[in-house]
Amino acid sequence: MNRPDLSVELAGIRLRNPVMTASGTFGYGREFADYLDLSAIGAFITKGLSLRPKAGNPTPRIVETTGGMLNAIGLQNVGIDAFVAEKLPFLRTVDTPAIVNLYGNTLDEYGELAERLDRLPEVAGIEVNISCPNVKQGGIVFGTDPAAAREVVDLVRKSTIKPLIVKLSPNVTDVVVMARACADAGADALSLINTLTGMAIDLDRRRPVLANVTGGLSGPAIKPVALRMVWQVAKAVQLPIIGIGGIMTGRDALEFMLAGATAVQVGTANFLDPSAAGRIAREMEQYLTEHGVDDVKELIGALRA
Amino acid sequence: MNRPDLSVELAGIRLRNPVMTASGTFGYGREFADYLDLSAIGAFITKGLSLRPKAGNPTPRIVETTGGMLNAIGLQNVGIDAFVAEKLPFLRTVDTPAIVNLYGNTLDEYGELAERLDRLPEVAGIEVNISCPNVKQGGIVFGTDPAAAREVVDLVRKSTIKPLIVKLSPNVTDVVVMARACADAGADALSLINTLTGMAIDLDRRRPVLANVTGGLSGPAIKPVALRMVWQVAKAVQLPIIGIGGIMTGRDALEFMLAGATAVQVGTANFLDPSAAGRIAREMEQYLTEHGVDDVKELIGALRA
Amino acid sequence: MQFKSMVLSNLEVSPGYFRMRMTAPPAVIGATPGQFVMVRINDSIDPLLRRPFGIFDLGTFDTEFTDCGRQSYLEILFRVVGKGTAMLSRFHRGDHLDILAPLGKGFIPGDPSGEKILVGGGIGLAPLYFLAKELVKSGKVRLFAGGRSKEDILCITEFERLGVETYVATDDGTLGENGLVTEVMERRLEGRSGDRTIFACGPHPMLRAVATIAQRLQVPCQVSMEAYMACGVGACLGCVMKGCNHTESTPDYRCVCKDGPVFDSLELQWD
Amino acid sequence: MQFKSMVLSNLEVSPGYFRMRMTAPPAVIGATPGQFVMVRINDSIDPLLRRPFGIFDLGTFDTEFTDCGRQSYLEILFRVVGKGTAMLSRFHRGDHLDILAPLGKGFIPGDPSGEKILVGGGIGLAPLYFLAKELVKSGKVRLFAGGRSKEDILCITEFERLGVETYVATDDGTLGENGLVTEVMERRLEGRSGDRTIFACGPHPMLRAVATIAQRLQVPCQVSMEAYMACGVGACLGCVMKGCNHTESTPDYRCVCKDGPVFDSLELQWD
Ligand SMILES: Cc1cc2nc3c(=O)[nH]c(=O)nc-3n(C[C@H](O)[C@H](O)[C@H](O)COP(=O)(O)OP(=O)(O)OC[C@H]3O[C@@H](n4cnc5c(N)ncnc54)[C@H](O)[C@@H]3O)c2cc1C
Ligand SMILES: Cc1cc2nc3c(=O)[nH]c(=O)nc-3n(C[C@H](O)[C@H](O)[C@H](O)COP(=O)(O)OP(=O)(O)OC[C@H]3O[C@@H](n4cnc5c(N)ncnc54)[C@H](O)[C@@H]3O)c2cc1C
Ligand SMILES: Cc1cc2nc3c(=O)[nH]c(=O)nc-3n(C[C@H](O)[C@H](O)[C@H](O)COP(=O)(O)O)c2cc1C
Ligand SMILES: Cc1cc2nc3c(=O)[nH]c(=O)nc-3n(C[C@H](O)[C@H](O)[C@H](O)COP(=O)(O)O)c2cc1C
Ligand code: FES
Ligand code: FES
């Protein structure tokens, strides 16, 4: 048998395979270069970028929970100027698409960031984070209110011709409503899910473990919620979906594709195994080979439910 | 040192300790009698009861996920007539309060059920499930719409003078809004959380594992989300709270109390360890003894955040 | 009963199939064939839920490690199919398990004089061995054992040692007859009469076929069912099957864990 | 580097403290003292994240189990504080681990002729042993070791065998002087001069005290910090500490995993 075709196209970006690395879990790509050949994965998403440098939250910022972890990094990042000066040169050296995840504290910041990124040829696409639960001003409001989401996406859409991916929050009553709002406003694809808001408590000290009190839950614990949301949105909205949430193995990734995802992102798994994303792509290929599937695209939305 | 005082009062029900067993995970109390001395726990909640017998969902109804499980029992139950005839006599034989969890498919059913239970002296209180994610008609609507929740609680309140607990769904954008609605409508206490809606996929068969496609996620995986919601609601609403979600140990239970819970419910843990609820109460007592806390009530809401 | 148990031995009796002996309290010896155990594999949360296994055998042996001199044990026979059974396969003597046992309702031996027909598919043989041990005490026992391939036909020697007459069928013909064990059984039963009872355990389609044949030939038939289980004690309602009187408005669900795992085949709806 | 490692030995050197030796690829021998490893304890999800440990020692030994005859190893010294370390404590020879190593920036030995002052609190001694082994090659090394009680003072004999002059202080006076190790160190340094460098590892309050003393006495001081870590490679930003130039609008966060764990004490903000 021939090797199965793992390539997919996502919002105009051609991926050699459906495996990307999730924003905030893979730095700016370079951090994992010792462990993972970037050309083994489909694309990578850089850490959430803002207009100005952002300090983020005090520490502790992370804590392990059962089957997952909470993080309250608070979107610490170098800001767009330093990004262009320090991080962009590396992106030029790899032939794997780099997608920039961005967020703004105000509507205008979203627009300005998108405009500036629009001019950078190293940037294959933009993933708009409207969902980060850690930053009061930005995340919460845009990510849980359909009208606000529509406004943000609309503005970003006008500010760039690059492929526009919108990343959704799971902390909503009806994710389909949010997905529709983003679709209507011109998103090319949807990423879901971001982290579920959670909390951990240090009993002996009678304090929250995280300095920020609450944080975002990621890892295998949230996979069932993520799969459900991908499936719900895939049925309702005609946009390609990137499935995210607790993906640890090639089988996990393929489950997300059955539920309707065109591609996936690997987050927390990068921490346990810095070569996870490459391994997952290999495991997907192996599964397809063993099961006589020529083309991974056959699995997209192929769930019989 | 004297033994610490573990008793709490909840909506007028006196509990010898804060540990209850969660609805749907403990049958009607009798199922666990071989493994657990019911007088070792504070109270137990019976399986969700409806007016008429309910068949529930086709099987498979349960599947394990990482750090948790999905269930789509579909609220199978014997109905109130059989409950009175077959289950009530046992409740008479134990000196531990039995709280009846109920749900209706329509508003009227909620009212009628509450009225009928109101007359039963064996029933120490009523827990209204407005949050079950499995039954389209009932669960979803009442549990995620504040106006509908208010209506249900209002009607049940008018139908019974028994302690009235309302159990909230975590599948909402803002649990505090739901909590306030129930408080305003006359709830005496709030239980949170019910299960998060999730899904599992059988890759090889390309089918959902559960016949019902989606199910409710419970177990330690959801504990961070549950803690967060208890904390949010405790800050905002002046009602006693019952913390539920992934409690496996006495430490877990005490964390919920720090976050603001007056009592807790143990669900999935009963399956791994049929004596879990009793063990958890013992572990709580031991922790208090070791840390020189005389009264568990000191911990309620004592989180320094 | 909930108890801590120590693994005494764990042998791979056929590729991917393990026979594990573990200590048990004396009261477990009162279990009836067809009852099962729920095993908590470790006190981590991975795997989270207990795993159900039929009782393959039980008994007592002389030991130095208890005061009284005799130690009760129980055995399970399991096939590695996923995470939990893979972990179990790596247990060795001295490792500990947390067990609930005995659970559920077992087989009802019935009239001692009649002929007993056991039908097992693959790992479905597990509870039938314990049953055979009891049944041979009072009468003739025949076993029809089926499986995909010769590796899936387990412990036949043990059955024969009990004096059970065995018939084997495999899907690929690598052992015994080529074909389905239900066909072999049907041929065997067809046209004969007398006081007979069928006891069957195996995959759902096999049990359905056995039930159909039994009904046609009017032979009483007990089947041991499998289902996903969470609690094992009748509380979660995860493991139900439709009873014969089931309709949507008057549900007649039976818990495999509590009302079963052994049912009279006529009690169930076989859709 | 990511590699599979086999445990060679795991000894409880003091109640609750374990010294574990494990195989490593030859390249790991190039690690500098102060660098650390991230250990994946098993391939289950419990515990989920890797756990960071300083390198206590490394080297090679003759072996039969490689072709080349020499096998590289590394050692960690760890204290059981929670789930992961409890699991690690139960590992024995032959068990496997998945390791990332060497990670981060280690100590900078500096001028070979100067006097080296090591200050370790409790398990903070771990990376100082590897450091001492390097430093004794070129000059005088003194160790100030502190801990709650005598059980928390580790491997002093090993340090002395290297020729390190050791001073011990315990909070309860059960070994060495009664009091804080920083006080003992301060007394020792006070009023003397010469080319000296401090290398410290231990709990945060101890390091803060050491940094303060060093600054007052104008002795260069390197500290090895701890933080909750997820990735260990500078990607997640979970492990940051405020650098000396940090303000909210011009953040100067340093990653303990990548920019550290060893920092010049003047590089950090010690609030
Ligand atoms: C009453 C009863 C008695 C049983 N007796 C035996 C026995 O004697 N020997 C034996 O080998 N097996 C027996 N089983 C089946 C055994 O429980 C499952 O094979 C086991 O739970 C799988 O665990 P796992 O972690 O290895 O698999 P998982 O990783 O959980 O799943 C792997 C595969 O096994 C299937 N599976 C998982 N749980 C069950 C379950 N409870 N019932 C049926 N299929 C399941 C899944 O659908 C999946 O395809 C029995 C089951 C029941 C209900
Ligand atoms: C660079 C570095 C080097 C280290 N070197 C050593 C060493 O050589 N020997 C040694 O015994 N320990 C060392 N530690 C600390 C060690 O990583 C933790 O003790 C270990 O991760 C705890 O794991 P656990 O699962 O047992 O504890 P958990 O169950 O996760 O937690 C138990 C307790 O340990 C604390 N803890 C958990 N993780 C960390 C962490 N990453 N840093 C600090 N505290 C933590 C928690 O706050 C909690 O109070 C080092 C830490 C770092 C960052
Ligand atoms: C430490 C950490 C930092 C993260 N930072 C970002 C971020 O900057 N922007 C963003 O959109 N998502 C961020 N996320 C969310 C992930 O991209 C991903 O959506 C989430 O972790 C779920 O996937 P997982 O379960 O595979 O980790 C972060 C997650 C983690 C764990
Ligand atoms: C098998 C199962 C059945 C349940 N049935 C009900 C029910 O009938 N009514 C209800 O309000 N909650 C029901 N629940 C939810 C639990 O009461 C509890 O809220 C949830 O499981 C979270 O707690 P846990 O993580 O401790 O299990 C059920 C949960 C499980 C696992
Ligand atoms: S397994 Fe819970 S009712 Fe049968
Ligand atoms: S541990 Fe991830 S950046 Fe340091």
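Rule-based calculations on the coordinates, nothing more; no lab input. Quick caveat, the model's predicted, so the values are computed rather than measured. Cβ placement follows ideal geometry from the backbone for every residue including glycine, while neighbour counts extend to all protein chains displayed.
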Net charge contributed by nearby residues that have their C-beta within less than 11 Å of D:ASP46 (K/R +1, D/E -1): -3
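Just list whichever of A:LYS47/A:LYS162; B:LYS87/C:LYS242; A:LYS54/A:LYS158 have alpha carbons separated by over 23 Å in the model shown.
A:LYS54/A:LYS158
Pop out the Kirkwood hydrodynamic radius of the range A:189-263 from its pairwise C-alpha distances, inverse of mean 1/r, in Å to one decimal. Kindly include the intermediate steps, with their values, before the conclusion.
Working: mean 1/r = 0.0746 Å⁻¹.
When all Cα pairs of the range A:189-263 are included, the Kirkwood radius is 13.4 Å.
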Helix axis angle, D:125-135 relative to chain D longest principal axis, alpha carbon, degrees: 80
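With both bridge residues required to lie in the protein assembly as shown, what share of the DSSP beta bridges run antiparallel, to the nearest 5%?
Details: 114 of 220 bridges.
So the antiparallel bridges in the protein assembly as shown amount to around 50 percent.
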Reciprocal mean inverse distance between Cα atoms of the range D:2-103 - Kirkwood radius, Å: 13.7
Rg to Rh quotient for the range B:257-301, alpha carbon positions, Kirkwood Rh: 1.02
Taking A:TRP231, C:TRP270 and counting other C-beta atoms within 10 Å, the order from fewest to most: C:TRP270, A:TRP231
Rg/Rh for chain B, where both radii come from Cα atoms and Rh is the Kirkwood radius: 0.95
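I'd like the antiparallel share, as a percent to the nearest 5, of DSSP beta bridges with both residues in chain C.
Values: 40 of 65 bridges.
Once the DSSP bridges in chain C are tallied, antiparallel ones form about 60 percent.
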For the range C:34-81, alpha-carbon Rg relative to the globular expectation (2.2 N^0.38 Å, N residues): 1.45
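First obtain the Kirkwood hydrodynamic radius of chain D from its Cα pairs, then insert it into the Stokes-Einstein equation at 37 °C and 0.692 mPa s, and state the resulting D in µm² per second as a whole number. Provide the component values of the computation, followed by the final result.
Details: Rh = 19.1 Å.
Once the numbers are plugged in, D ends up at 172 µm²/s.
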Cβ-vector label at 7 Å, A:ARG207, separations to other copies in nm: 5.2
Cα-centred dipole magnitude for the range C:142-201, charges only on beta-carbon of K, R (+1) and D, E (-1), debye, nearest 20: 200
³J(HN,Hα), Karplus 6.51/-1.76/1.60, whole Hz, each residue of the range C:158-171, x for Gly, Pro: 4, 5, 5, 4, 6, x, 7, 7, 10, 10, 10, 9, 10, 4
Volume per residue that the Cα convex hull of the range A:161-305 spans, once the total is divided by residue count, Å³: 149
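Provide the three semi-axes, in whole Å and in decreasing order, of the ellipsoid equivalent to the range D:107-221 as defined by the square roots of 5 times the Cα gyration tensor eigenvalues. Let's see the in-between values first.
Details: eigenvalues 80, 57, 28 Å².
Equivalent-ellipsoid dimensions as semi-axes: 20, 17, 12 Å.
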Radius of gyration, Dmax [the range A:61-207; alpha carbons; angstrom]: 16.4, 53
Point-to-point label distance, D:THR174-B:SER7, nm (Cα→Cβ direction, 7 Å offset): 4.1
Across the identical copies, how the A:GLY79 labels are spaced - nm, sorted shortest first, 7 Å along Cα→Cβ: 7.0
Angle in degrees between helix D:204-217 and the longest Cα principal axis of chain D, rounded to the nearest 10: 40
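Which ordering of C:MET241, A:MET20 is given by a fewest-first count of other beta-carbon atoms within 10 Å?
Lowest to highest Cβ neighbour count: C:MET241, A:MET20.
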For the axis carrying chain D to chain C: nearest C-beta residue of D, whole Å: D:ASP46, 2
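Compare the peptides D:133-139, D:44-50, B:93-99 by average per-residue count of other Cβ atoms within 10 angstrom and give them in order, highest first.
On the way: D:133-139: 16.1, D:44-50: 22.9, B:93-99: 17.9.
Most protected by this proxy first, the peptides run D:44-50, B:93-99, D:133-139.
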Inter-copy spacing of C:THR212 label points, which lie 7 Å from Cα along Cα→Cβ, given in nm from shortest upward: 8.4
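So which DSSP H runs in chain B come out at 15 Å plus along the axis (Cα) with average Kyte-Doolittle of at least -1.0? Let's see the in-between values first.
Details: long enough: B:107-118 (17 Å, -0.88); B:146-159 (20 Å, -0.04); B:223-236 (20 Å, 0.39); B:276-290 (21 Å, -0.65).
Once both thresholds are applied, what remains is B:107-118, B:146-159, B:223-236, B:276-290.
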Amide H partners (placed H, <5 Å) of A:ASP145, local residues excluded: none
Area projected by the alpha carbon convex hull of the protein assembly as shown, averaged over all directions, nm²: 48.3
Simple spin-label estimate for D:ASP43 and A:GLN286 in nanometres, 7 Å along Cα-Cβ: 0.8
Rh (Kirkwood; distinct C-alpha pairs) - the range B:1-89, Å: 15.3
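Starting from the Kirkwood radius over alpha-carbon pairs of the range A:169-224, derive D by Stokes-Einstein at 20 °C in a medium of 1.002 mPa s and give it in µm² s⁻¹. Could the numbers behind the result be given before it?
Numbers: Rh = 13.5 Å.
Reported coefficient: 159 µm²/s.
Nothing charged except the Cβ atoms of Lys and Arg (+1) and of Asp and Glu (-1): what's the magnitude of the dipole of chain A about its Cα centre? Round to the nearest 20 debye. Can you show the working numbers first?
Numbers: 30 positive and 33 negative charges, 106 e Å.
Here the size comes out at about 520 debye.
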Order of B:PHE83, C:PHE78 under a 10 Å beta carbon neighbour criterion, fewest first: C:PHE78, B:PHE83
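Charges only on Cβ, +1 for Lys and Arg, -1 for Asp and Glu: so what's the dipole of chain D about the Cα centre, in debye to the nearest 20?
Details: 29 positive and 32 negative charges, 27 e Å.
For this selection, approximately 120 debye.
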Surrounding net charge for D:TYR17, when Lys and Arg each add one and Asp and Glu each subtract one, Cβ distance under 10 Å: -1
Whole-Hz couplings from phi, Karplus 6.51/-1.76/1.60, listed for the range C:251-264; x for Gly and Pro: x, 10, 8, 10, 7, 4, 6, 10, 7, x, x, 8, 10, 5
The range C:222-271: proportion of alpha-carbon pairs further apart than 19 angstrom, %: 20
C:ARG90-C:ARG216 pseudo-label distance in nm [points 7 Å out on the Cα-to-Cβ vector]: 4.7
The range B:129-238: translational diffusion in µm²/s, Stokes-Einstein, Kirkwood Rh over Cα pairs, 4 °C, 1.567 mPa s: 88
Lysine pairs meeting the criterion (Cα under 28 Å, 8 or more apart or interchain), as found in the range C:32-161: 12
Within-13-Å neighbourhood charge of B:GLN76 [Cβ basis; K, R +1; D, E -1]: +4
